[in-house]
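Below: the structure, in structure tokens.
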Amino acid sequence: MAAMASGGVATLGLVTARFQLKREHPQRQRRVVRQCGGVAPRATGRPEGATPGRLDEGAARERVLQLASSTPQGQGALEAVRGCLSSMPGLANNRLMLFRYPGLKCPLDTVALNLVEPRWVVAFDMLANAPRRSGDPPFCFGITHPALTPPRTPPGEDAVPPSPGDVGMVCQLVDVYHDNKEERLYITSKVVGRFRVDRVVSEHPFYVAETSQVSDLAEVDQEGERALLAAEFRVWDRLKQLDTLSAKTGEGGGKQIDYDMQRCSPDPGARPAWDSDPPPDHRRAELFSWAVVRRLGLDQKQHLEAVTSVYTTARLAAAEGPLEEGVAYLAAVSSIQAADA
């Protein structure tokens with residue numbers, strides 16, 4: 001984890017880049033079909049009195065079923081994804097289909113996909129429409145880490161498969177959108193945890209793996225709990241300093257403490273009173289560390305170290321260096337501005 005601290009904030013440009021919240025939203029026009037997990041009707045005709053141009057859900061489902069039965073990719077996806085539906089949905093799914101994702105993601109992040117290949121359209125539509133018991137969470141899929149499984153394959157070369165022991169992110173489906181004019185699927189999901197590959201069970205038309213859940217280890221004694229809380233408050237204090245200096249100087253990319261940092265804060269008084277879904281106590285510190293780390297602009301190696309680690313205290317300690325450099329830089333800017341006033 002020591003390497004994570006080496007990428008400190010050295011210039012104002014880096015301060016801005018590291019503390020700007022990144023958002024992912026497909027820019028093309030989309031039409032909401034349903035909340036993920038609902039079973040869409042299969043009627044093929046347009047409802048009587050429907051507005052011209054409005055998405056025909058039944059037609060969209062029929063197009064997907066046609067892909068599943070008439071294209072090699074669709075047929076392979078139908079067979080491969082069935083194994084992912086054999087266990088109950090949620091974070092503890094043992095079998096995940098794996099998407100080779102090019103970006104660096106952390107728990108609490110959003111993953112948005114714009115899918116046109118038949119294999120993915122069929123697979124994700126099946127996950128979204130699979131029957132679930134009342135109260136069950138949506139089904140999940142996995143995204144691989146680009147440092148371990150390259151997201152793109154050079155022409156003439158075979159894709160690099162995930163290996164046992166590789167880590168990645170578990171994504172829970174939130175919304176699925178069908179395009180009205182072409183078979184294109186827009187996926188919105190949230191990162192809810194990490195997985196480790198136990199074994200790859202399928203390679204075509206995409207990778208499917210048996211996985212196990214990765215979580216930070218709980219502190220086993222009071223000394224460890226005190227050390228963790230102290231590390232949290234050191235990071236929290238740095239964030240508050242950055243917030244104050246950014247507001248004072250007008251530099252640094254604006255507000256530094258985002259909503260997830262607040263709701264996972266070690267300070268109970270800083271948590272939003274209106275939060276209807278607060279993080280569970282046993283995961284709050286880990287999620288706080290991710291809320292901070294995902295804003296630091298880590299490179300692939302540093303990010304992989306953070307993802308592989310199961311020690312919340314170490315992850316927080318590695319974040320202190322970049323935060324301290326950001327504080328020092330903005331303090332210098334504040335001093336220069338005061339001298340010029």
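The values are calculated or read from the model by the stated rules, or taken from the named source; none is laboratory data. As the structure is a computational prediction, the values presented were derived from the model and not from experiment. A quick note on method: Cβ atoms are made from the backbone with ideal geometry, for glycine too, and the neighbour counts reach across all protein chains shown. Side chains included, ligands, DNA and RNA excluded: accessible areas come from the protein's heavy atoms. Shrake-Rupley method; radii C 1.70, N 1.55, O 1.52, S 1.80 Å.
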**OP:** Given the conditions (1) in contact with a Lys or Arg (Cβ under 9 Å, 6 or more places away or on another chain); (2) of a type in the set (D, E); (3) farther than 29 Å from G103 by Cβ, report the number of the one that D243 does not fulfil.
**Re:** (3)
Original post:
Would the range 316-323 turn up any residue that is under 21 Å from V214 (Cβ atoms), open to solvent by less than 10 Å² (accessible area, probe 1.4 Å) and free of Cβ contacts under 8 Å to residues at least 60 places away in the same chain?
Top reply: no
Subject >> Filtered residues of the range 205-240 (kept if open to solvent by 60 Å² or more (accessible area, probe 1.4 Å), outside any helix (DSSP H, G or I) and polar (S, T, N, Q)) >> reply: Q213
**OP:** Kindly indicate which of A285, A270 is surrounded by 14 or more Cβ atoms within 10 Å (Cβ to Cβ), modelled with pLDDT of 95 or more and within 18 Å of the chain's Cα centre (by Cα).
**Re:** A285
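Out of A80, A112, A68, I need the residue that is assigned to a strand (DSSP E or B) and more than 18 Å from G193 (Cβ to Cβ). Which one?
Working: A80 fails: assigned to a strand (DSSP E or B); A68 fails: assigned to a strand (DSSP E or B).
Answer to the check: A112.
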Original post:
Checking F124 against (1) in contact with an Asp or Glu (Cβ under 8 Å, 6 or more places away or on another chain); (2) in contact (Cβ under 8 Å) with a residue 60 or more places away in the chain, which test does it fail?
Top reply: (1)
Original post:
Does the range 180-199 contain any residue that is among the charged types (D, E, K, R), in contact with a Leu (Cβ under 6 Å, 6 or more places away or on another chain) and modelled with pLDDT of 95 or more?
Top reply: no
Subject >> Members of the range 103-148 found to be farther than 26 Å from V307 by Cα and open to solvent by 40 Å² or more (accessible area, probe 1.4 Å), listed by number >> reply: V116, E117, R119, M126, P131, R132, R133, S134, G135
Subject >> Residue match in the range 241-249 (condition: under 24 Å from V192 (Cα atoms), open to solvent by less than 40 Å² (accessible area, probe 1.4 Å), among the aliphatic types (A, V, I, L, M) and in contact with a helix residue (DSSP H, G or I) (Cβ under 6 Å, 6 or more places away or on another chain)) >> reply: no
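Taking the condition part of a loop (DSSP other than H, G, I, E, B), among the hydroxyl-bearing types (S, T, Y), in contact with a Gly (Cβ under 9 Å, 6 or more places away or on another chain) and more than 24 Å from F288 (Cα to Cα), does T149 pass? Working first, answer last.
Working: part of a loop (DSSP other than H, G, I, E, B): yes; among the hydroxyl-bearing types (S, T, Y): yes; in contact with a Gly (Cβ under 9 Å, 6 or more places away or on another chain): yes; more than 24 Å from F288 (Cα to Cα): yes.
It is true that T149 is part of a loop (DSSP other than H, G, I, E, B), among the hydroxyl-bearing types (S, T, Y), in contact with a Gly (Cβ under 9 Å, 6 or more places away or on another chain) and more than 24 Å from F288 (Cα to Cα).
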**OP:** Assess whether G168 counts as being under 20 Å from T313 (Cβ atoms) and open to solvent by less than 60 Å² (accessible area, probe 1.4 Å).
**Re:** no
Original post:
List the pairs whose first member sits in the range 157-169 and is in a loop (DSSP other than H, G, I, E, B), whose second member is among the charged types (D, E, K, R), and whose Cβ atoms are under 6 Å apart, counting only residues at least 6 apart or on separate chains?
Top reply: P164/R199
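Condition check ((1) under 29 Å from V220 (Cβ atoms); (2) of a type in the set (V, I, T)) across all residues:
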{"site": "A285", "(1), (2)": "yes, no"}
{"site": "R294", "(1), (2)": "yes, no"}
{"site": "G297", "(1), (2)": "no, no"}
{"site": "R315", "(1), (2)": "yes, no"}
{"site": "V327", "(1), (2)": "no, yes"}
